[in-house]
Amino acid sequence: MTHAIIIDTDPGIDDAFAIALAHYSPAIEILGLTTVFGNVSVAQSTDNAAALNALLGSDYPIAAGCGLPLQQAPNDFPDFVHGHNGFGDVDYTVPPYTAQPVDAADFIIETLRARPGEVTLVPIGPLSNIAMALHREPRVAQWAKGVVLMGGAGTVGGNVSPVAEANIWNDAAAAQKVFEASWEIVMVGLDVTHRVVMPRTAAQALAESSPKVGGFLAEISDFYANFYESTRGFAGFCVHDPTAIAYIIDPSLFGTRRGLVEVTTSGPGIGQTIFAETGKEEYPDPIWASRSNVSLCTEVQGDDILELIQSTLGAAP
Ligand code: BDR
Ligand code: CA
């Protein structure tokens, strides 16, 4: 069975891995790339999506989206994680391209309207475009097959504050709007992505078996690995966004817990994703039993995901 998806993205080094993984997976049909600020500005992330189309030899529609969070003041771009250009400050060519005449939110709305019940949204950046689509057309929550997102930290600490993960922290109000909508959400957050760590040797192996695509990914991941190894003590780099793609390809690689997520939208804890497991506790405030629409990934077979990335991308040119 093929999964039709829209990838909402802020490329970004791990976003590049994710888009390449989805492109080469026979289980996935990419309907479009919608872009958002996050790792870089939205102008840069849109150019980077076009550069990935050129790298992959694809022609996915690209729709540019939000350049700012819905409510909060914007955070600085994390150039120390992804480089100033989002691709580890490696030089690359942005081909001539034409973005869609509609913005990301309208692209999402029109695509879901045309294929109700068939399309999964895969946000791997801040959730601003998805919230904007919900704001303009609340029926997208019924039309989407579901949402599989990379973001949040349900049972573990954060990566940009003690409690917040970067994608949620970058637009907390948007995330709250997405989590409270009446659709099925799979949350692929730091609970699992901090356990899917690609060693430099694996990136090198990818470059050897796939000189063009794997070679570019390995080259840009050098900068990213420096960050993870020197500041976070990982033996390699976290492949956050590809882990969300891996969930779509093979959900049996994950264990999940069911519940709801409320997002902290102000104060020092902004961006925290508070997970309340269905049926576990009775709390006085009824909000904690008000929904059960989130499957939080809490278990992962990280080595199998690295193997999936290697076997899928290793066959690329
Ligand atoms: C997320 O933040 C970005 O830096 C990555 O691309 C990923 O989507 C990880 O917290
Ligand atoms: Ca991302």
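The values are calculated or read from the model by the stated rules, or taken from the named source; none is laboratory data. Bear in mind the structure is a predicted one, so any value in this text is a computation, not a measurement. We place every Cβ from the backbone using ideal geometry, glycine too, and count neighbours over all the protein chains shown.
Table for the structure above
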| item | result |
| --- | --- |
| Helices (runs of 4 or more DSSP H) wholly inside the stretch 203-317 containing at least 1 residues that are modelled with pLDDT under 95 and out of contact with any strand residue (DSSP E or B) (no Cβ under 6 Å at 6 or more places or on another chain) | 213-232 |
| Answer from Gln72, Gln44 - the residue that is over 16 Å from the mean Cα position of the chain (by Cα), under 22 Å from Ala105 (Cβ atoms) and away from ligand 1 (no atom under 15 Å from the Cβ) | Gln72 |
| Enumeration of residues in the stretch 110-128 that are assigned to a helix (DSSP H, G or I), touching a residue at least 12 places away in the same chain (Cβ under 8 Å) and over 14 Å from Ile168 (Cβ atoms) | Thr111, Leu112, Arg113 |
| Complete set of residues in the stretch 75-108 that are more than 19 Å from the chain's Cα centre (by Cα) and closer than 18 Å to Ala63 by Cα | Val94, Pro95, Pro96, Tyr97, Thr98, Ala99, Gln100, Pro101, Val102, Asp106 |
| Failed condition for Cys66, given (1) under 17 Å from the mean Cα position of the chain (by Cα); (2) surrounded by fewer than 17 Cβ atoms within 10 Å (Cβ to Cβ) | (2) |
| Residue list for the stretch 273-291, filter: touching a residue at least 12 places away in the same chain (Cβ under 8 Å), surrounded by fewer than 17 Cβ atoms within 10 Å (Cβ to Cβ), under 24 Å from Ser161 (Cβ atoms) and not hydrophobic (A, V, I, L, M, F, W, C) | none |
| Residue in the stretch 203-223 that is more than 24 Å from Asn53 (Cα to Cα) and either touching a residue at least 60 places away in the same chain (Cβ under 8 Å) or not polar (S, T, N, Q) (or both) present | no |
| Selected residue (criterion: surrounded by the fewest Cβ atoms within 10 Å (Cβ to Cβ)) from residues of the stretch 292-312 that are hydroxyl-bearing (Ser, Thr, Tyr) and under 21 Å from Gly151 (Cβ atoms) | Ser292 |
| Residues within the stretch 159-175 that are in a loop (DSSP other than H, G, I, E, B) and away from ligand 2 (no atom under 15 Å from the Cβ), tallied | 3 |
| Qualifying residue in the stretch 133-146 (condition: within 15 Å of ligand 1 (Cβ to nearest atom) and either in contact (Cβ under 8 Å) with a residue 60 or more places away in the chain or touching a Ser or Thr at 6+ places or on another chain (Cβ under 8 Å) (or both)) | no |
| Filter pass, Val36 being surrounded by fewer than 24 Cβ atoms within 10 Å (Cβ to Cβ), closer than 16 Å to Asp15 by Cα and touching an Asp or Glu at 6+ places or on another chain (Cβ under 9 Å) | no |
| Output for the stretch 10-29, where each listed residue is farther than 20 Å from Leu306 by Cα and in contact with a strand residue (DSSP E or B) (Cβ under 6 Å, 6 or more places away or on another chain) | Glu29 |
